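Okay, structure first, notes after.
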């Protein structure tokens, strides 16, 4: 049976539309705030390095009761991503958390919790959609626990296939994800998503509505949390981008709100 290249692309496109619809709408009736990170089609070009600092702030009054009284929590991340080739960029991350105003004074400190590396590949671009694949490997730095999840930070592997499509000033991003912990309990495979609709009214401003979800092991809805995140990216300088967003929890397992900020510097070497 002869199948044309155009027919194959059309089939892939329609499958991705179905997957996207499920991810955007099907799971919303059923995400713990691991960094609410969105990956789109942009990557540093060959010979360019992006250095990004991101923080997610969760004030004590929005922490779910399941976490107990842990005070205010601030998650930090420093990412250094360099374009190696036209299609491959490599990232190095340093993750940490800070607690303050916890009733247990031993918790009120800042810790480096994870060191991570990530392989980022632009697999292909087409008239239908662009596809990139991210593979992250994380290594814990000690016997530390996530103050919200109440789980030990574990060595882990993360895989994100990312589909995006730009139409005029709009960009649609669909990013299902797979997360596997393999050194600390619970050792398991979990699922998440990071999707968005973005609009760029100018070269210096991009607004967006993001959808983030943590689906756990898909066994019970008590494992799930979901957020919607209005966000704006502002290019302050040719080499500096500021991003500001507020995540709003959509179910009982989610924090009511998370304040997210990032600052990215670009360097040509």
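If one computes P(r) from the Cα atoms of the stretch 144-269, what percent of pairs lie at distances over 26 Å? Summing the P(r) of the stretch 144-269 above 26 Å gives 33 percent of all pairs. Working ranking of peptides 146-152, 102-108 by packing, defined as the average number of other Cβ atoms within 10 Å per residue, highest first, is 146-152, 102-108.
Residue 85 to residue 237: FRET efficiency via 1/(1 + (r/R0)^6), r the Cβ-Cβ distance, R0 30 Å, to the nearest 0.05?
Efficiency at R0 = 30 Å is approximately 0.65.
Out of all Cα-Cα pairs in the stretch 5-268, roughly what percent, to the nearest whole number, are more than 28 Å apart? Tail of P(r) above 28 Å: 33 percent of Cα pairs. Only Cα pairs under 8 Å and at least 6 apart count here; give the relative contact order of the stretch 167-269 as a rounded whole percent. Relative contact order comes out at 17 percent. Cα centroids of the stretch 207-269 and the stretch 56-98: 10 Å apart.
Values quoted throughout were computed directly from the atomic coordinates according to the rules given, and no laboratory measurement underlies them. As the structure is a computational prediction, the values presented were derived from the model and not from experiment. Ideal geometry is used to build each Cβ from the backbone, glycine not excepted, and the neighbour counts take in all protein chains shown.
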